[in-house]
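Visitor: Sharing a structure with you now.
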Amino acid sequence: MSRYLLRQLSLLLVTLWLLTLLAFSLGHWFSGDFITNTSGIFPEDIRFAETAEARAAEAGIVNQYTAYLGHLFRGDWGLSLLDGEPVFEQIALRFGATLEIALIAFVIAIVLGIPLGVLAALYFRKAVDHTILTISLSGYSIPVFWFAQIAILIIAIQWGLVPIAGQINPLYEITPRSGSIILDILLEQPEHMTEALHSAFLHMILPVCILAIMPMMLIIRLMRNSMLDVLSQNYITSGYAKGLSIARVLWNHALPNAMQHVMRQIGALISLLITNTMIIEVIFSWPGLGSWLVRSIYERDYPVIQGGLLVISAVILLITIALNIFHAWRYPQVRKDLYGAN
Amino acid sequence: MLLDIRNLTIAKDTPTGRVNVLERVNLQINEGEIHTLVGESGSGKSLIARAIMGFLSDSWHIQADRLWFEEHDLLNLTAKQRRAIIGVDIAMIFQDAKSYLDPNLTISEQLQEAVLDQDLTGGFLARRKQRKERVVQLLHRVGIKEHSNMLESYPHELSEGAAQKIMIASAIAHRPKLLIADEPTSTMEPATRQQIYRLLAQFHARYGMSILLISQDLGAIMKETERLTMIYSGQVMESGNTRELLDQPHHPYTEALLNTSLYRQAQRPPRSRLPTLAGTEPSMQHLPIGCRLGPRCAYARPKCVQTPGFSKKRDRGFACHYPLNLEDDA
Ligand code: SF4
């Protein structure tokens, strides 16, 4: 296991290093001045000379890269070209907001998707199975942005049940600290806390639900297929031969083994979730990483693009590696089969 | 009578209509008896075992005059009643034992599952402790001394023989009255096979456990077998006491099998070729009418298009219009 752990960690480090290399190169590849692209300080600015010095503008590319790394590790990721806000602090703040809806949506997708998938497998080719399969197929084929627009149109505008956009009614004046609105409310302890939480909840409900749909449909189908596969395995038969009840066979043998296949796909699922989160954030004006990054791309806000891409790629990378390690730790025979290590 | 099967017919719906994969099968097993069921692969012998265990899904149509275990009618059991028998009084081991072990659980976890709650006493912790002790005992009983290593192993780390021993340990956890062994050794080397058979014979002798052994090779059966049943293409051809049946087969199928197996090699001139049964086993879509052995039988005559009934002569039974070796009785 330790050998495998080391391999995964070295993979992580190498990839992270390549990522910084790419982010650094972007500063050169973008049109405009390298110093402005990476630091967000315009040549007209009085701080420009000083910044150029710090970023080793004249000292050759290798020195520039080391200077870039130094800034990166110090958390000095430059300023936004648009509003002059420091990129690193913005990322820290918006990351929380993104994580909040992505995480809740993911949990909903898992909590609903897995039982539904199991149910479909248990009622294979019966009415229950057909219904679940039809819903999941249509849910999967409807694009997220279209779904979101329709939901806003009907639920928010027509029926007026929930607000259209934003994180919370601005009248509550919550100071963003973590970016996650619920955490922020709890940290702030405003006068009308229950009402504030209620407002936040109403704002959140639509984006989170729409975000949850696609991963949930995927989980349903993954779970159904892997469950069908597992249920036909011999060790399920031997469970019944031991005289175990159906519930115990399912819980002890079928579910854990079926989850193994699903776990292997979770990484891909999370990438999909992150992409969809960006779309949802733009549509619902959710102040997260995604809407910010999309805006930065439209406005050619180079420091933001650089920092944002770095963070999102790093997050996906970290999740993938964490999942790999989890997989190897939880399923010993996988470790053996794939890597020959113990 | 421990197990009593009369006229068991199992059918499956195919695109061309319903096919009797198993036709009017009779099988009786007494307490403390080792009974071997011999048939080629696809002859439906495993189907009998699965019908006893209740493993067949709804797509199979099961019909029988009797399918009884002791005083229980196995065809009409609730799930709960079945659980009181399966895994308790009837246990089963399988071919390719490794695939019957959950790849994600340690051997200890899987064996603990086989220990029944009713055999334990005390509170939760006491039961847990007893469970673990039982598992170690079980391992010792199947001849695995290095139990600490084995307990923490995963199935992929075991050899085929060790995996089968684990299956046996799991099967005998509650000292079943009947153990069904579905080709438990067909993928093993002869030495390992003998080990497994010795183990089974030992439990047979010690607990008086009956064994229904299923085998596709007449040359690889347990030497302790008291009775044999020959099955071909879903029909029972012949059954009876092992010695008598092998010495004086009444049925052409048994005769042919004996000739093709190494069993009678001593009687043949050295280096002669093994005679074989002409043709191949019929597929389920093209079953011959009447005696299913007909197209391959050296003794077949026109009458054989009628299904022969199952005749009984003392404790021998056979289904053939023209039985062999019966002159002395006639
Ligand atoms: S009934 Fe006829 S075909 Fe069948 S085994 Fe006897 S002799 Fe052969």
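Visitor: Can you find a residue that is open to solvent by less than 20 Å² (accessible area, probe 1.4 Å) and touching a Lys or Arg at 6+ places or on another chain (Cβ under 9 Å) anywhere in the range A:260-273?
Guide: Looking for residues that are open to solvent by less than 20 Å² (accessible area, probe 1.4 Å) and touching a Lys or Arg at 6+ places or on another chain (Cβ under 9 Å), one finds at least one in the range A:260-273, hence yes.
Visitor: Next question, about the same structure. Among the residues of the range B:149-167, write down those that are aliphatic (A, V, I, L, M) and within 12 Å of another protein chain (Cβ to nearest Cβ).
Guide: Selection gives B:Leu158, B:Ala163, B:Ile166, B:Met167.
Visitor: Please go through (1) within 16 Å of the ligand (Cβ to nearest atom); (2) of a type in the set (A, V, I, L, M); (3) open to solvent by 10 Å² or more (accessible area, probe 1.4 Å) for B:Met237 and return the number of the only condition it doesn't satisfy.
Guide: (3)
Visitor: Another question about this same structure. All but one of (1) modelled with pLDDT of 90 or more; (2) away from chain A (no Cβ under 14 Å); (3) over 15 Å from B:Lys98 (Cα atoms) hold for B:Ile196, so report the exception by its number.
Guide: Unmet condition: (3).
Visitor: Turning to a different aspect of this structure: May I ask you to say which residue of B:Gln118, B:Gln195, B:Gln112 is farther than 30 Å from B:Ser41 by Cα and open to solvent by 50 Å² or more (accessible area, probe 1.4 Å)?
Guide: Numbers: B:Gln195 fails: farther than 30 Å from B:Ser41 by Cα; B:Gln112 fails: open to solvent by 50 Å² or more (accessible area, probe 1.4 Å).
Sole residue among the options that is farther than 30 Å from B:Ser41 by Cα and open to solvent by 50 Å² or more (accessible area, probe 1.4 Å): B:Gln118.
Visitor: Sticking with this structure for a sec: How many of the residues making up the range A:220-251 are facing chain B (nearest Cβ under 7 Å) and either part of a helix (DSSP H, G or I) or touching a strand residue (DSSP E or B) at 6+ places or on another chain (Cβ under 9 Å) (or both)?
Guide: Residues meeting the conditions: 8.
Visitor: Against the definition (at negative phi and more than 12 Å from chain B (Cβ to nearest Cβ)), how does A:Pro303 come out, yes or no?
Guide: Numbers: at negative phi: yes; more than 12 Å from chain B (Cβ to nearest Cβ): yes.
Spelling it out, A:Pro303 is indeed at negative phi and more than 12 Å from chain B (Cβ to nearest Cβ).
Visitor: For the range B:268-295, how many residues meet the condition of being modelled with pLDDT of 75 or more and more than 20 Å from B:Val25 (Cα to Cα)?
Guide: 2
Visitor: Does B:Ile107 fit the bill of being at the interface with chain A (Cβ under 10 Å from one of its Cβ atoms), open to solvent by less than 30 Å² (accessible area, probe 1.4 Å) and in contact (Cβ under 8 Å) with a residue 12 or more places away in the chain?
Guide: Numbers: at the interface with chain A (Cβ under 10 Å from one of its Cβ atoms): no; open to solvent by less than 30 Å² (accessible area, probe 1.4 Å): yes; in contact (Cβ under 8 Å) with a residue 12 or more places away in the chain: yes.
When the stated conditions are applied, B:Ile107 does not pass them.
Visitor: Is there any pair with a first residue in the range A:51-67 that is within 20 Å of A:Leu18 (Cβ to Cβ) and a second that is among the charged types (D, E, K, R) and in a loop (DSSP other than H, G, I, E, B) whose Cβ atoms are under 7 Å apart and which are 6 or more apart or on different chains, and what are they?
Guide: A:Gln64/A:Arg55; A:Ala67/A:Arg55
Visitor: Oh, and also: Quick one: how many residues across the range B:296-315 are outside any loop (DSSP other than H, G, I, E, B), near the ligand (Cβ under 9 Å from one of its atoms) and under 17 Å from B:Thr254 (Cβ atoms)?
Guide: Residues in the range B:296-315 being outside any loop (DSSP other than H, G, I, E, B), near the ligand (Cβ under 9 Å from one of its atoms) and under 17 Å from B:Thr254 (Cβ atoms): 2 in total.
Visitor: When you check A:Ala92 against the structure, is it hydrophobic (A, V, I, L, M, F, W, C), touching a residue at least 24 places away in the same chain (Cβ under 8 Å), part of a helix (DSSP H, G or I) and buried (at least 22 other Cβ atoms within 10 Å of the Cβ), yes or no?
Guide: Values: hydrophobic (A, V, I, L, M, F, W, C): yes; touching a residue at least 24 places away in the same chain (Cβ under 8 Å): yes; part of a helix (DSSP H, G or I): yes; buried (at least 22 other Cβ atoms within 10 Å of the Cβ): no.
No; evaluated as a whole, the condition is false for this residue.
Visitor: OK, next. Give the residues of the range B:162-181 that are open to solvent by 10 Å² or more (accessible area, probe 1.4 Å) and under 22 Å from B:Ser41 (Cβ atoms), sorted by residue number.
Guide: If the condition is that a residue be open to solvent by 10 Å² or more (accessible area, probe 1.4 Å) and under 22 Å from B:Ser41 (Cβ atoms), then B:Met167 is the only one that fits.
Visitor: Return a yes/no flag: does the range B:72-89 have any residue that is within 30 Å of B:Asn20 (Cβ to Cβ) and touching a residue at least 60 places away in the same chain (Cβ under 8 Å).
Guide: Of the range B:72-89, the ones within 30 Å of B:Asn20 (Cβ to Cβ) are B:72-79, B:81-83, B:85-87, B:89.
Subsequent filtering for residues that are touching a residue at least 60 places away in the same chain (Cβ under 8 Å) retains B:87, B:89.
Yes: the range B:72-89 contains one or more residues that are within 30 Å of B:Asn20 (Cβ to Cβ) and touching a residue at least 60 places away in the same chain (Cβ under 8 Å).
Visitor: Can you name the condition, by its number, that A:Ser285 falls short on among (1) among the polar types (S, T, N, Q); (2) touching an Asp or Glu at 6+ places or on another chain (Cβ under 9 Å); (3) open to solvent by 40 Å² or more (accessible area, probe 1.4 Å)?
Guide: (2)
The values are calculated or read from the model by the stated rules, or taken from the named source; none is laboratory data. Just so you know, these numbers come straight off a predicted model, no measurement behind them. So basically every Cβ, Gly included, is an ideal-geometry build from the backbone, and we count neighbours across all protein chains shown. All accessible areas refer to the heavy atoms of the entire protein, side chains included, with ligands and DNA or RNA removed. Shrake-Rupley method; radii C 1.70, N 1.55, O 1.52, S 1.80 Å.
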